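Taken together, the values in this text are just the output of simple stated rules run on the coordinates, not laboratory data. Just so you know, these numbers come straight off a predicted model, no measurement behind them. With ideal geometry, Cβ positions are generated from the backbone for all residues, glycine too; neighbour counts draw on all protein chains shown.
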Amino acid sequence: MCGIVGLFIKDPALEPRLGELLARMLEVMSDRGPDSAGFAVYGAGRPDFVKLSLRPPAGFDARSLMAALSVAGGEVSAVTRDSHVIVEIPAKAEAAARALIAERFPEVTVVGSGARMEIYKEVGLPKAVAERFGLPAMSGSHGIGHTRMATESAVTTNGAHPFSTGRDQCLVHNGSLSNHNDMRRRLTREGVRIETENDSEVAAGYLTWRLGKGEALNDALTAALSALDGFFTFVVGTETGFGVLRDPIACKPAVMAETDAYVAFGSEYRALAGLPGIETARVFEPEPATVYFWERAA
Amino acid sequence: MTTRVIDLATEGVRGLNAALHADKAHKHWQVLNPAGLHSIAVGIDAPTTVEIDGHVGYYCAGMNKHASVTVKGNAGVGVAENMMSGRVHVLGDASQAAGATAHGGSLIIDGNASARCGISMKGVDILVKGNIGHMSAFMAQAGTLTVLGNAGDALGDSIYEAKIFVRGTVAGLGADCIEKEMRDEHKALLFGRLKAAGLDGQVDVGEFRRYGSARKLYNFTTDNLDAY
C-alpha cells in the first residue's frame with residue numbers, strides 16, 4: 001500500500017497555495033504510507049537555467065561543490081532546504097555539472113533536474129517530511145506527492161518517490177511492477193539512466209524514454225499500458241503536463257476531482273476533502289487502462 | 001420524532017458508530033462532514049434511517065442490518081459490504097466492490113459502480129442506474145444484480161448462482177457465465193426490483209437481458225481445465 005496525491009492548478013490565483021494544499025493531502029495519506037514521503041513541485045524557473053535537486057550526505061559542506069560548479073558552468077546559485085540543496089545553473093551546463101558531481105562528489109545524489117521542478121524526499125512521516133522542506137510555503141502550477149509503504153525495495157531515501165529520470169519529469173506509483181528487471185536492462189541499453197533497484201523508477205525511466213523520442217505525454221502513457229506488467233496507479237508530472245494512469249485490473253485505488261480552478265488526484269477521497277470548492281467539484285474514479293492528462297501553455 | 005445529528009469533524013467515526021449501536025431511541029440520524037472517512041455507519045442492527053451529507057470512504061454501511069442508509073455523495077470501496085438486510089442508497093457513484101459478499105437487503109447506486117460490483121454476493125439485491133466495471137458479480141452466489149447502463153469485461157466470472165440483468169451492453173462474460181432466456185418469472189422478478197427502486201413505469205423490463213451460471217464449474221473435472 002502507498003498513498004499518492006497530485007494537484008494541477010488551472011487558476012493562477014491558486015498557485016501560491018499549491019504547497020499548503022499538497023502538504024495537507026500528503027498528511028492525510030499517512031495511513032497508507034508512513035515509511036517515507038516525497039514530493040515534486042513545479043514552481044518558478046528562469047529561462048535558460050536548470051535546477052538540480054541534490055541530496056548530499058549529512059554534514060556535507062556545499063561550498064566546495066558550489067565552487068567546482070561555478071568553474072565548470074558559470075553562474076551558480078543554491079538554496080538549502082534541510083537535507084536537500086537546489087542548485088541553479090545554466091541549462092547548457094547540466095551535463096557537465098552532472099559529470100562533475102559523479103566524478104568528484106559521488107556521495108551527492110542528483111534527485112532530479114528541471115527548469116521548474118524541484119524534488120524532495122525523505123524517510124519519515126509525511127507531515128514531518130513536508131514540514132522539514134517547507135512544502136506548505138511553496139507555490140507552483142502543479143505538484144505530485146507520495147507516502148510510501150515499502151514492498152519492492154528497502155525503506156531508504158533512495159527508494160522514496162517521486163522518481164525523476166528526465167528533465168522536469170517525475171512519477172509517483174502505487175503498486176508493484178513484475179517486469180521491472182527486464183525493462184531496466186532494456187532501458188539502460190537505450191541510454192536511460194536508472195539509479196536504483198526500485199520498480200517505480202523503471203516506470204519513470206520508461207516514460208522518459210518515450211518522451212525522449214518526441215512522444216506526447218498521453219502517447220507515452222498509452223504505450224506504458226502494454227509495456228509495463230503489474231499493478232499500478234501512476235501520477236506523472238512534466239513541465240507543462242499532469243497525467244494519471246491505472247492498470248487494466250485497477251487494484252490500486254484512485255479518486256479525482258476537477259473544478260474550474262484545479263484537477264486533483266488522491267489515492268482516497270479523504271486526501272481531497274480539504275480542497276477549496278470540493279463540495280461542488282466533479283468527483284470521479286479514473287477508469288482502468290485509460291489515459292488522463294492535462295496540459296497547460298508553457 | 002427527533003433526528004440525532006452527529007458531526008464527524010467533532011465526534012469521529014468511532015463516536016458515530018458507538019452511538020448508532022447503543023442509542024435505540026433515535027430512529028433518524030444525520031451525519032455531517034463525512035469527508036471521505038472510512039467505516040461510517042457500519043454494523044447497525046436497528047430499523048433506523050441514516051443520512052450522510054457528503055462523500056464517504058471505504059466500507060460505508062458495512063454489515064448493515066435493518067437500517068436504511070443514504071449517502072448524499074460518492075462512496076468508496078466496499079459500500080454495504082456484507083450487508084444482511086435493510087437498504088443502502090448511494091446518490092452518486094460507488095467505487096470498487098460495492099455490495100461485496102452481502103447476504104441480503106438492497107443496495108441502490110444512482111451513478112456508476114466501478115470494478116467488482118457485487119463480488120461474491122450472497123443474496124443482496126443490487127441495482128445500479130449507471131454502468132458497472134469489470135469483474136462484477138465475480139463468484140456471485142445468490143441475489144440479483146440489475147444494471148441500467150453497461151457492464152464491463154468478465155461479467156459474472158465463476159458465478160455460482162445469482163441473476164444478472166443488464167439493459168445496456170456487456171463488454172464480455174467471465175468463465176461459466178452465459179446469457180439466459182428472459183422468461184416471465186424473470187421479468188416479474190426484475191419488475192419487482194425496479195419497483196423497489198422507484199423505477200416502475202420508467203424502465204421497461206423488456207429492454208434487459210439476463211445472465212447467469214452455466215453451472216459447468218461446480219465440480220472439478222479435467223474437461224474444465226482450460227476454464228480454471
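General observations
- A Förster distance of 45 Å, applied to the separation of the beta-carbon atoms of residue A:176 and residue B:184, puts the FRET efficiency at 0.35.
- Whether segment A:1-89 is rounded, prolate or oblate, judged on the alpha carbon gyration tensor where a/c under 1.5 counts as rounded: oblate
- Long pairs among A:92/A:213; B:27/B:122; B:163/B:195, criterion Cα-Cα beyond 23 Å: B:27/B:122
- Between A:166, A:212, A:145, the GNM of chain A built on Cα springs shorter than 10 angstrom shows A:212 fluctuating the most.
- On full extension, the segment bounded by residue A:227 and residue A:102 gains 41.9 nm, given 0.36 nm per residue less the C-alpha separation.
- By the helix-only formula, in which each DSSP H run with n ≥ 4 contributes -39500 (n - 2.57) and the sum is divided by residues, the protein assembly as shown has a 222 nm mean residue ellipticity of -6000 deg cm²/dmol.
- Per-pair calculated FRET efficiency, R0 = 45 Å: residue A:213 and residue A:60 via Cβ, rounded to 0.05: 0.80
- Between the Cα long axis of helix A:199-212 and the first principal axis of chain A there is an angle of about 80°, rounded to the nearest 10.
- Under the convention that each Lys and Arg Cβ holds +1 and each Asp and Glu Cβ holds -1, the size of the dipole of segment B:3-217 around its Cα centre is about 340 debye.
- For segment B:162-228 and segment B:1-61, distance of Cα centres in Å: 34 Å
- Computed from the C-beta positions of residue A:44 and residue A:188, the FRET efficiency with R₀ = 60 Å rounds to 0.95.
- Top positive-direction residue, dipole computed over segment B:51-161 with Cβ charges, set B:127, B:156, B:84: B:84
- Amide proton proximity set for residue B:37, modelled H, under 5 Å, gap of 5+: B:57
- Distance between segment B:88-121 and segment A:167-228 - C-alpha centres, whole angstrom: 35 Å
- Overall, the anisotropy analysis places segment A:124-224 in the oblate class: the square-rooted eigenvalues a ≥ b ≥ c of its C-alpha gyration tensor yield a/c not less than 1.5, with a/b not exceeding b/c.
- Rounded tilt (10° steps) of B:184-196 against the dominant C-alpha axis of chain B: 20 degrees
- Span from the segment A:99-152 Cα centroid across to the segment A:1-47 one, whole angstrom: 12 Å
- Trypsin sites (Lys or Arg not before Pro) restricted to segment A:169-267 and DSSP loop, no more than 13 other C-beta within 10 Å: A:193, A:213
- Rounded to 10°, Cα long-axis angle of helix A:94-104 versus longest principal axis of chain A: 70 degrees
- Proxy reagent accessibility, fewest Cβ within 10 Å first, across B:158, B:136: B:158, B:136
- Proximity of backbone amide H atoms, modeled 1.01 Å from N, is registered between residue A:252 and A:232 at under 5 Å, excluding neighbours fewer than 5 places apart on the same chain.
- Gyration tensor (alpha-carbon) shape descriptor, segment A:1-158, a/c threshold 1.5: oblate
- Per DSSP, loop trypsin sites (Lys or Arg not before Pro) in segment B:6-97 with at most 12 further Cβ within 10 Å: B:24
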